[in-house]
Amino acid sequence: LAQTCATANDACLAACTPAQSCTTSPVPVCNGYAPCAILNSGEPSLDCAGTPPQCDQCVQYIECVPCAEFMLCDTPPNPPCATIPPICSSSKCSNVPPACNDCIPFIECFLSPSMAPPPPPSPPPHPPPPPSPPGPYCVPGDPCWPSASVWAKLNRTIGGRVFALSTLLAYEACLASPLPPSAVDASDAGHGICPPNPLCLFEECLFENLPNDMYERWGKWDLPAYSAEVHTIEEVQDVVRFANKHKVALSIKSTGHNYAGSSAMKGTLLLWMRNYKKYGEIGEFTDSCGTQVPATISGGGGQPWGELYKAANDDGRYMVVGGGSANVGCCGGWLMGGGLSAFARSKGMGVDNVLQFELVLASGDVVTADACSNTDLFWALRGGGGGSFGVVTKVIYKLHPVFQTTVASLDTYYPPRGNDEATSLQEFYDEGYLHVLNSWMDLYLEAVPDLDPRWGGHNFDFASPTFLLYFVGSAEEAWLNFLIRVREWIDSLGDLAERYGIYLTVGEGASYSSLRSPAGPEYCETQKPGDYGYTACQRFGEAQDVNYPSWSWTTGTTILVPRRFFQDKEGAKRALQYMVFPLKDGGGSYLLGGVMADVAADATAVNPAYRTAATVIIFGSYPGTEVSKILFPESAPCFNHDSKPSWHGSTPAEWQKVYWGAQLERLNRIKDTYDPARRFNSFQGIGFTSMPDTTGLGAPGCGAFTKVYTEAAVAYAGNDTLVFGACTAGQTCQCEAANGIASRRSLLFAPVLEEGPVGWLEAGCEIYDETRCVPDE
């Protein structure tokens, strides 16, 4: 609140706002200076030279501004507008001409005491308005949250594809036993709320930091309240405009292949792109600059890479730079987080290969962004994170002529199980495996920084002799270029290689697509409904990295390792040994460098550390993260593979600075320009606003849930009684359809995470029914 001078008169006080302060009466001006006005910059006040004492005694954070610096607001009784530093902001004055409001930037126009208008008459008594919802959004349980009939209207608008989600009923598809066979199946289930990693039921995919009793976790689940399955760009616009009208936050999900659970958020309306219009056309393209590109491919907002790989493979002339997993979205978080791939070192990152975006803004308008249109958006979308700036509906990528490719896989099948109680290297692993790891680290440190840029790939792990690498060229070239050194290292191990199952496998193909595995008709013919690769094979003709949904499928944090780390080989080896043995943490991931380093640091929105990095290290523990900060203080996490923002800072402002570094200020300005109301709210993203825990269901009504034992659940399953519901003792939840005909009551026994014969029993009304609590008969 503004502080006012003790002797200010009533008229002056009446004109005060929280952004200004009245000067000491009876001095309306300070010897030609305007009254002192509070600034919000947080900087100490500057004394105004030549002003009377009353002016210099103004409270801290105020400043007297000479009349010469004013823009006059017509004529008295309107005083001038005082100019202020751009960091300050102001609301507009209510009783001044337009010229005053046009002062940019400006403080409130304020009246001197002698000119103050009489106070307005007191309004008649009336009931106080309902309390405003916390934060900028309406959330379940708020008076402003849309009613069942309002949601039903949106449902009709987009063809009956709006679903209530924030109940155990909805999540049952994700907790089914067994879990969905692959991430492809999980992405299809639950109307968009099932993540490939079931742990992402919770923010940051953290399971261990919440109470063991899932009943106590109710409201802490990071699940949207509703989802809208959109198929066309017009439906996307309808959903965005609905969210604007009702102040509902929007989260956006393509395929959900995200380690931090950023594609869904509690209390939001999920814009689910999985079944959005498909593309995959190959042809020439001309951008808004007039630049012609002879070979491009288009991708839809929810389309997985497997479909684009299949389109390019069927064409036979080209390859496209994309994600390793067939189920990763081509045009969502993978791309907007940077887009790492097996060919980033030879063909560039995803953000270096995209030519144009089509997207729906927070206003509901459709725009394109490329090198000459909406260039600020084009920059932000290439590395500024998904789900923050708009709903991307279509992307144009450049294609590369197809090339001969060699794949090399190094595997260690029988590593000894480490001693978790070990306090020294010798206790952690046996002597033979210690020799294997130490010699492997030597090869790793020599190879990574100077590897030919035609090599690329991932799982190049210093903590275990493994990698999956691709080479742009023939197998003969690949052997001469690097693999001969790996073969010599394996031979040097003697019997230890056989003891620990260390094998190098090399294959050659006419294209990258031909080497993706498991793939091809022979594998896919073995898959039947319910098998791991069945759904992927039906859609993509392959099933590479479509992942088993698993309660352990997650990562911790990551670090982009700069090339300078490899200059001191002995020091680097000691650091790696510390990570592997005492910490028992750290592992290799994507190889970086090559042509990635040829792109200017500010050309895209990714952290500049990407352009100077040689590889990525993944940590599963917080201590490992702290070690990375000591080793690489100038570096940053690998955004798309990092799942624990809170390990990088205690507030979003802190961890966003770690993620984007020097790019953050510009990204925030672009967010303010295109989404000032923060309609798009993505955890881990630009402009993220934490959503409150909600105890109510997303769907209005008196649902109920309780933890029960299996025997009790079976008994209740044939009973219409609601247990521990929202109604008070002696009342029952009654469901009534809009036409007055009673609707059936849903009752479900759903399996959950706890061991033993424990489950959940939940009951509720149909999602668009009107519900009420009535006395028991």
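The values are calculated or read from the model by the stated rules, or taken from the named source; none is laboratory data. On a predicted model such as this, the values are computed, not experimentally measured, just so you know. In this analysis, Cβ positions are derived from the backbone assuming ideal geometry, glycine residues included, and neighbour counts consider all displayed protein chains. Only protein heavy atoms, including side chains, enter the accessible area calculation; ligands, DNA and RNA are left aside. Shrake-Rupley method; radii C 1.70, N 1.55, O 1.52, S 1.80 Å.
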Length added when fully stretched, Ser474-Tyr622, from 0.36 nm per residue minus Cα-Cα: 49.1 nm
- line: Protection proxy (average C-beta count within 10 Å per residue), highest first, orders 474-485, 322-333, 368-379 as 322-333, 368-379, 474-485
Added length on full extension, which subtracts the Cα-Cα distance from 0.36 nm per residue, Glu421 to Leu434: 3.0 nm
- prompt: With θ set to phi - 60° and the Karplus curve 6.51 cos²θ - 1.76 cosθ + 1.60, what are the ³J(HN,Hα) couplings of the stretch 600-608 in order, to the nearest whole Hz, using x for Gly and Pro?
  reply: 4, 4, 9, 6, 10, 8, 5, 4, x
field: Label point 7 Å beyond Cα of Thr291 along Cβ direction - residues of the stretch 333-361 with amide nitrogen under 13 Å
entry: 352-357
- request: Compute the separation of the alpha-carbon centres of the stretch 180-200 and the stretch 502-533 and state it in Å as a whole number.
  value: 23
Cut-off 20 Å (backbone N to label point 7 Å along Cα→Cβ of Thr375), residues of the stretch 292-317: 292-293
- prompt: Looking only at Cα atoms, what is the convex hull volume of the stretch 307-351 per residue, in Å³?
  reply: 67
message: Sort 411-417, 141-147 by packing, meaning the average of other beta carbons within 10 Å per residue, with the highest value first.
response: 141-147, 411-417
message: Cβ neighbours within 10 Å, averaged per peptide: list 527-540, 627-640 in order, most packed at the top.
response: 627-640, 527-540
message: Report, in listed order, any pair from Lys528/Lys644; Lys310/Lys657; Lys266/Lys394; Lys278/Lys657; Lys573/Lys644 with a Cα-Cα distance greater than 31 Å.
response: Lys528/Lys644; Lys310/Lys657; Lys278/Lys657
Ratio of Rg to Rh over the stretch 451-510 (Cα coordinates, Kirkwood Rh, two decimals): 0.97
query: On average, how much accessible surface per residue is there in the stretch 305-345, in Å², for a 1.4 Å probe, leaving out ligands, DNA and RNA?
result: 20
- line: Here the stretch 401-408 yields Karplus 3J(HN,Hα) values (6.51, -1.76, 1.60; θ = phi - 60°; whole Hz; Gly and Pro given as x) of x, 4, 9, 4, 9, 10, 10, 10
message: I need the P(r) histogram for the stretch 318-386: all alpha carbon pairs, bin width 10 Å from 0 out to the longest distance, whole percents.
response: 21, 51, 24, 4
Charge sum, other residues only, whose C-beta stays under 14 Å from Gly348's C-beta, Lys/Arg counted +1 and Asp/Glu -1: +4
query: Carbon-plus-sulfur fraction of the accessible area of the stretch 283-434, 1.4 Å probe, in percent?
result: 44
Those residues of the stretch 447-468 whose amide nitrogen sits under 19 Å from the label point placed on Ile484, 7 Å along Cα→Cβ: 447-448, 450-455
- request: Using R₀ = 56 Å, calculate the FRET efficiency as 1/(1 + (r/R₀)^6) where r is the Cβ-Cβ separation of Arg564 and Thr673; round to 0.05.
  value: 0.95
